[in-house]
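Asker: This is the structure I have questions about; it appears just below.
Laboratory data are not the source of any read-out in this text; all were calculated from the coordinates shown. On a predicted model such as this, the values are computed, not experimentally measured, just so you know. All Cβ positions, even for glycine, are placed from backbone atoms using ideal geometry, and neighbour counts span all protein chains on display.
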Amino acid sequence: MTGDCYSCREEGNLTTASLAERLHLTDHWRTAHAFNSSLPGWLVVIPRRHVTSIAELTPAEAAELGPLVHRLSTALHEVVRCEKTYVMQFAEAEGFGHVHFHLVPRMPDLPPEHRGPRVFHYLTRPESEWLTTDQREEVAGAIADRLRTD
Ligand SMILES: [Zn+2]
């Protein structure tokens, strides 16, 4: 853990975290709803220890990831009715070097100019356009419920 790592700080605050910050926890991964998204259902899948490259993952961490991405994608299809999901991992922003996979619902009506990597449009909007805390909690709760009934 490093003091300036956003993901490690969140991991350390799980007992008081909102559901959106810990909507699904496994042995090695925490799934959160992105706090700065203007698109409902933008999930972030984060290893529960500090790693800065995918190559640093242990075999056990790696083995959990594929099935988890599949389960979360299935839940997103049912909850937000997306057509498919996008998966991206960069970990390049200052303070966000901790590995994190963006799992993004690609909605049927997503404008062509925001498809593919340009979907980050929805993560770079002014704060006034972010989902509210209540909206994030609602979609996080629906996804968590869906995962419990798998
Ligand atoms: Zn970290």
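Asker: Using just the helices of the chain, give the 222 nm mean residue ellipticity in deg cm²/dmol: DSSP H runs with n ≥ 4 each add -39,500 (n - 2.57), and the total is spread over all residues, rounded to 500.
Answerer: On the way: 3 runs with 45 residues, N = 150.
Calculated at 222 nm, the ellipticity per residue is -10000 deg cm²/dmol.
Asker: Here's another thing I want to ask about it. Remind me, relative contact order of region 38-150 in percent, using alpha carbon pairs under 8 angstrom and six or more residues apart?
Answerer: Once divided by the residue count of region 38-150, the mean separation gives 38 percent.
Asker: To the nearest 10 degrees, how steep is helix 59-80 against the longest Cα principal axis of the chain, on a 0 to 90 scale?
Answerer: Value to nearest ten degrees: 20.
Asker: Say we join alpha carbon atoms closer than 10 Å with springs in a Gaussian network model of the chain; which of E94, E129, E64 then has the biggest fluctuation?
Answerer: Maximum among the listed residues: E94.
Asker: A further question follows. I need the calculated FRET efficiency for the pair R48 and D150, taking r as the beta carbon distance and R₀ as 25 Å, to the nearest 0.05. Mind dumping the intermediate values first?
Answerer: On the way: r = 20 Å, r/R0 = 0.82.
Computed FRET efficiency for R48 and D150: 0.75.
Asker: On a 0 to 90° scale, report how tilted helix 133-148 is relative to the longest principal axis of the chain, with both axes built from alpha carbons and the result rounded to the nearest 10.
Answerer: Between helix and principal axis, roughly 70 degrees.
Asker: Lone cysteines in the chain, going by a 4.7 Å Cβ-Cβ cut-off?
Answerer: Flagged as lacking a Cys partner: C82.
Asker: Now for a different question. What residues have an amide H closer than 5 Å to that of M107, excluding those fewer than 5 places away on the same chain, when H is modeled at 1.01 Å from N in the peptide plane?
Answerer: It is E83, by chain and number.
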